[in-house]
Protein chains: 2
Amino acid sequence: MFRLTRTLNRLKKVSVLHNNVREQSVMTQKLMYTEYGDPMKVLRKHNEEINDNVKPDEVLVRMLAAPINPADINTIEGKYPSKPVLPAIGGGEGVAEVIDVGCEVRNFAVGDRIVPLKPGMGTWRTHAALSHNFVYKVPKNLGIVEAATLTVNPCTAYRMLRDFTSLKPGDCVIQNGANSACGQYVIQICRVWGLSTVNIVRDRENVDELKRSLLDLGGTHVVTESELRKTNLFKSKECPWPKLGLNCVGGQSALELMRNLAPGGTMVTYGGMSKEPVTVPTSALIFKDIKAVGFWMTRWTNEHFDSEDRSEMLEELVTMMTKGEIHGPAFQMVNFKEYERALSTIIGGGGKLGKKIILGFDSC
Amino acid sequence: MFRLTRTLNRLKKVSVLHNNVREQSVMTQKLMYTEYGDPMKVLRKHNEEINDNVKPDEVLVRMLAAPINPADINTIEGKYPSKPVLPAIGGGEGVAEVIDVGCEVRNFAVGDRIVPLKPGMGTWRTHAALSHNFVYKVPKNLGIVEAATLTVNPCTAYRMLRDFTSLKPGDCVIQNGANSACGQYVIQICRVWGLSTVNIVRDRENVDELKRSLLDLGGTHVVTESELRKTNLFKSKECPWPKLGLNCVGGQSALELMRNLAPGGTMVTYGGMSKEPVTVPTSALIFKDIKAVGFWMTRWTNEHFDSEDRSEMLEELVTMMTKGEIHGPAFQMVNFKEYERALSTIIGGGGKLGKKIILGFDSC
């Protein structure tokens with residue numbers, strides 16, 4: 001209690017709340033579902049008191065921000081391959097502040113910021129008691145959005161650039177859906193690592209504005225799908241043939257991407273926005289030695305939960321972020337109280353606006 | 001000359017010819033083409049004297065047998081990715097007998113049997129002077145068909161089973177086009193290595209006879225494409241989910257094959273008999289971690305030309321063959337003089353009879 005009280009004096013902003021909380025109990029609000037289905041129907045807000053003392057190996061945290069990712073929606077719908085045991089709490093990512101620590105916890109202190117390390121821990125809640133083994137400390141100067149969305153998109157970009165082919169400065173990466181949250185991280189990390197990028201976006205109105213924004217992020221080339229079909233970029237040797245292709249679209253877009261890979265190149269699929277499968281010409285597989293593989297961050301995380309590879313990656317990403325070398329996606333913050341509005345925006349296709357919707361807990 | 005004469009006394013059958021040859025010259029007949037096109041039109045038989053002494057690093061050989069592979073036809077048509085410089089001699093594989101050796105050649109002697117090591121050396125000819133670095137000695141007790149077809153089909157089967165996934169005895173391999181020449185080697189090598197095989201064949205008349213012959217070769221299970229769709233083989237745990245799939249068909253057949261792969265499994269494409277591409281569902285790539293890759297023996301051979309991996313493979317295959325553990329495909333021997341009949345049989349679709357056509361040079 002002494003540790004908490006001392007810290008609360010520092011954290012003026014939340015001191016009243018925390019004081020109330022720990023003298024009686026923490027009242028946590030959480031978005032739960034007891035059956036899979038339309039999130040608008042199956043998600044319910046539950047109130048629950050956390051009135052025990054925090055357990056020896058746990059940290060008690062209050063959430064600061066948690067995104068609504070497409071995978072969160074699919075999980076609640078029961079359409080995602082990793083199915084949580086019901087009843088479950090929605091949300092997979094977020095950033096929280098430690099407000100109390102168990103007596104055995106040495107590596108965290110009240111006031112620290114943490115992100116949950118395990119997929120599907122349920123972040124759409126105001127407070128949580130979590131094992132200190134399942135959280136990762138992030139520095140306080142890490143942006144709130146970068147912290148809240150640290151464990152999925154930037155990690156996906158990082159791993160896809162690291163794990164499938166050996167890239168050295170000057171090499172080229174080609175990707176479609178380049179303006180996706182992950183695609184934007186790909187552009188930025190490549191820029192930091194000295195890799196050039198060819199970024200494919202769909203033909204659309206105001207495409208010049210989109211191109212500008214991706215070039216500003218550090219993209220080397222931005223082309224529409226129709227421009228790619230007649231590009232002279234590689235034949236003219238302006239750009240080396242890409243050894244790595246990243247595909248989150250599928251269908252014709254993936255095929256065009258593959259056509260521009262260097263012999264022996266690998267296309268990594270991590271999304272399928274077109275809902276069409278990946279089609280690979282037999283001759284590309286046999287004679288051009290093109291490899292079509294997939295990547296799923298959740299599997300990687302489960303398989304490398306407490307690996308050195310993972311801590312090295314998180315450290316490197318956080319460093320790039322705090323140095324201002326890479327930035328989180330454009331976002332729209334919606335108060336946790338208004339979660340229904342946030343969900344309906346996404347389910348209604350608001351995600352296509354290109355802004356990540358993030359639940360903010362400040363005034364809950 | 002002394003070495004040759006001594007050997008000729010041993011090789012009674014060819015002594016007169018050789019005697020004539022080496023006292024004057026060797027008259028070689030070769031099937032050449034000066035432009036790409038229909039083999040029936042562009043291939044011409046040329047006679048040429050080899051009247052120099054054999055060069056210091058060369059072996060002079062007379063061909064014994066050379067298959068007509070589909071790739072040989074495609075090469076002459078100009079439809080194959082590896083295009084020989086014209087004019088070129090047809091044929092890529094074969095077995096020959098050494099009839100003279102250059103003064104610097106230590107590792108070959110007259111009477112030895114060899115197979116050419118480089119793809120596209122031109123084996124549709126009666127005699128050839130070849131660098132001793134480009135030929136591989138095979139034992140005389142190796143069957144003539146096994147020798148003549150050593151460097152493509154069994155090597156393809158061997159490498160696909162070795163290079164893409166780590167298999168241990170008891171593991172399962174699934175393949176379509178299981179009755180192809182390569183497919184038959186897959187069955188046999190798997191049997192020797194303690195791997196089980198699920199062999200997919202097209203629905204056809206007399207399928208029971210075909211199934212019987214593949215089971216006799218050592219196939220664990222043989223199923224038609226329609227049987228595969230409703231099979232209980234894997235769910236019942238009668239057979240483990242295959243970690244490796246080998247595809248020489250493409251299209252729907254490849255898709256069905258992939259559906260039965262274990263999570264993390266790899267499908268290697270080495271042919272496309274259906275002329276349809278390989279289609280991979282996005283979810284199989286991302287969530288099931290299925291990998292779609294290709295294999296081309298010619299590329300592997302060029303990249304590993306004089307590697308230890310290659311000599312180890314050839315030695316192991318030849319040992320399996322001379323021990324009678326694996327056998328060459330069913331074949332039909334056609335005299336070299338009748339090459340036009342042989343070609344027209346294949347181009348007319350005779351290859352579908354399932355018999356490899358091999359040119360024999362005995363009485364040329």
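Here are some notes:
- On the stretch given as segment A:78-97, residues that are assigned to a strand (DSSP E or B) and either surrounded by fewer than 24 Cβ atoms within 10 Å (Cβ to Cβ) or among the hydroxyl-bearing types (Ser, Thr, Tyr) (or both) total 3.
- Of residues in segment B:142-159 being outside any helix (DSSP H, G or I) and open to solvent by 10 Å² or more (accessible area, probe 1.4 Å), the one nearest to B:Thr319 (Cα to Cα): B:Gly143
- Of the helices (runs of 4 or more DSSP H) contained entirely in segment A:252-327, those carrying at least 2 residues that are of a type in the set (A, V, I, L, M) and surrounded by 18 or more Cβ atoms within 10 Å (Cβ to Cβ) fall at A:282-286, A:308-322.
- Counted residues, segment B:272-289 - those being facing another protein chain (nearest Cβ under 7 Å) and over 30 Å from B:Met121 (Cβ atoms): 10
- Long-range neighbours under 6 Å by Cβ, at least six apart or interchain, first residue on the phi < 0 side of the Ramachandran plot within segment B:282-300, second open to solvent by 10 Å² or more (accessible area, probe 1.4 Å) and among the small types (Gly, Ala, Ser): B:Thr282/A:Gly272; B:Ile290/B:Ala284; B:Thr298/B:Ser82
- Index of the failed condition, A:Glu340 passing every other in (1) out of contact with any helix residue (DSSP H, G or I) (no Cβ under 9 Å at 6 or more places or on another chain); (2) assigned to a helix (DSSP H, G or I): (1)
- Qualifying residue in segment B:58-66 (condition: open to solvent by 20 Å² or more (accessible area, probe 1.4 Å) and of a type outside the set (D, E, K, R)): no
- Check on A:Leu233, in a loop (DSSP other than H, G, I, E, B) and either touching a Ser or Thr at 6+ places or on another chain (Cβ under 6 Å) or more than 17 Å from A:Ile286 (Cα to Cα) (or both): yes
- Taken over segment A:239-271, the criterion of being hydroxyl-bearing (Ser, Thr, Tyr) and facing chain B (nearest Cβ under 7 Å) is satisfied by A:Thr269, A:Tyr270.
- Residue in segment B:191-205 that is in contact with a Gly (Cβ under 6 Å, 6 or more places away or on another chain) and either among the β-branched types (Val, Ile, Thr) or open to solvent by less than 10 Å² (accessible area, probe 1.4 Å) (or both) present: yes
- Residues that are open to solvent by less than 60 Å² (accessible area, probe 1.4 Å) and modelled with pLDDT under 95 within segment B:41-55 comprise B:Ile50, B:Val54, listed in sequence order.
- The residues of segment A:214-264 that are touching a residue at least 24 places away in the same chain (Cβ under 8 Å) and among the hydroxyl-bearing types (Ser, Thr, Tyr), listed by number, are A:Thr220, A:Thr224, A:Thr231, A:Ser253.
- A:Arg162 surrounded by fewer than 24 Cβ atoms within 10 Å (Cβ to Cβ), more than 29 Å from A:Cys248 (Cβ to Cβ), at pLDDT 95 or above and over 13 Å from the mean Cα position of the chain (by Cα): no
The values are calculated or read from the model by the stated rules, or taken from the named source; none is laboratory data. Model, not experiment: these values are computed from the prediction. Please note: Cβ atoms are built from the backbone with ideal geometry, for glycine as well, and neighbour counts cover all protein chains shown. Just the protein is used for accessible areas: all its heavy atoms, side chains included, with ligands, DNA and RNA removed. Shrake-Rupley method; radii C 1.70, N 1.55, O 1.52, S 1.80 Å.
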